[in-house]
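Single-structure report; data block below.
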Amino acid sequence: KYEKYYEPLWDSTQIKLYETEEEITSQINRSLTRSVEKRLMCDVPFGVLLSGGLDSSLVASITSRLMQNKKTMWGSELHTFSIGLKGAPDLKYAKKVAIFLKTIHHEFHFTEQEGIDCLEDLIYHLETYDVTTIRASTPMFLLSRKIKSMGIKMVLSGEGADEIYGGYLYFHNAPNSQEFHDECVSRVKNLHHFDCLRANKSTMAWGLEARVPFLDKSFMELSIP
């Protein structure tokens, strides 16, 4: 018999409205900062996956600021990591963010053949034949191997933000606020089939732990309603 033991606040049919934009943005700022700070509790070398997009750039920015007051055995400078085909636009924007934040940035490249060659191992670890999941997992799988070889054991990632805030292009076609909200809830409920599955299995295939600040329970309960 299926029995639900956890009823998250965001899993409701009604939208929670805030009085002003300033009110909610300041709460989001504080909540996301706390979420990142919680995930910096570790005693191993760590870094941030940086794609150059808004989600990972926010995580990198908050982490960089928090690192200024955090002394560790391997220093107080933040390491960021990105990967892509040569000339990929993501690499350009990731480098811009890294330069602005003054991180120790590691940029890696892979070829189409290297992506094809890893497919058999990747599908084995992902345990799925879903084309979109496999395509999105390929760079993360290759990057995770390189990160682990450098002695890094944990990385922060921006997974979950697009689902929580409706970041995909088709969300622009939502007919009203309620249906926008309902679709966000549906996407979050299925994260374990797609983005979280990809992030978890692509990294843990090499013994690298990925932590996702955007999926903090308190942050989600603030953001989705």
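The values are calculated or read from the model by the stated rules, or taken from the named source; none is laboratory data. Worth saying up front: this structure is predicted, and the values here are computed from it rather than measured. Every residue, glycine among them, receives a Cβ derived from its backbone with ideal geometry; neighbour counts consider all protein chains shown. These area figures cover heavy atoms from the full protein model, side chains too; ligands, DNA and RNA do not enter into them. Shrake-Rupley method; radii C 1.70, N 1.55, O 1.52, S 1.80 Å.
Order the peptides 44-52, 59-67, 106-114, 190-198 from the highest to the lowest mean number of other Cβ atoms within 10 Å of their residues.
Ranked by mean Cβ neighbours within 10 Å, highest first: 44-52, 59-67, 190-198, 106-114.
So, with +1 on the Cβ of K and R and -1 on the Cβ of D and E, and no other charges, what is the size of the charge dipole of the chain about its Cα centre, to the nearest 20 debye?
Charge dipole, the chain, about its Cα centre: 960 debye, nearest 20.
Let me make sure I get this right: for the chain, a, b and c are the square roots of the gyration tensor eigenvalues over alpha carbons, sorted descending. Under 1.5 in a/c it's rounded, otherwise prolate if a/b > b/c, else oblate. Which is it?
oblate
Leaving out same-chain residues fewer than 8 places away, which aspartates and glutamates sit with a Cα under 20 Å from that of Lys38?
By straight Cα distance, Lys38 reaches Asp55, Glu77, Glu159, Glu209, Asp216, Glu221.
Taking all protein chains as present, what is the carbon and sulfur share of the accessible area of the chain, in % to the nearest whole number, probe 1.4 Å?
Taking all protein chains in place, the chain shows 54 percent carbon and sulfur surface.
With the dipole of the range 50-117 worked out from charges on the C-beta (+1 for Lys and Arg, -1 for Asp and Glu) around the Cα centre, which of Ala98, Ile83, Ser51 lies farthest toward the positive end?
Ala98
How large is the accessible surface per residue of the chain, computed with a 1.4 Å probe and reported in Å² as a whole number?
With all protein chains present, the chain gives 59 Å² per residue.
Under 5 Å between amide hydrogens, which residues at least 5 positions from Ile83 or on another chain qualify, with H placed 1.01 Å from N in the peptide plane?
Phe108
Return the long-range amide H neighbours of His105 (sequence gap of 5 or more, or a different chain), with a cut-off of under 5 Å between placed amide H atoms.
Thr80
Tally Lys and Arg at +1 and Asp and Glu at -1 over the other residues with C-beta under 12 Å from the C-beta of Asn173: what net charge comes out?
Charge balance near Asn173 sits at -2.
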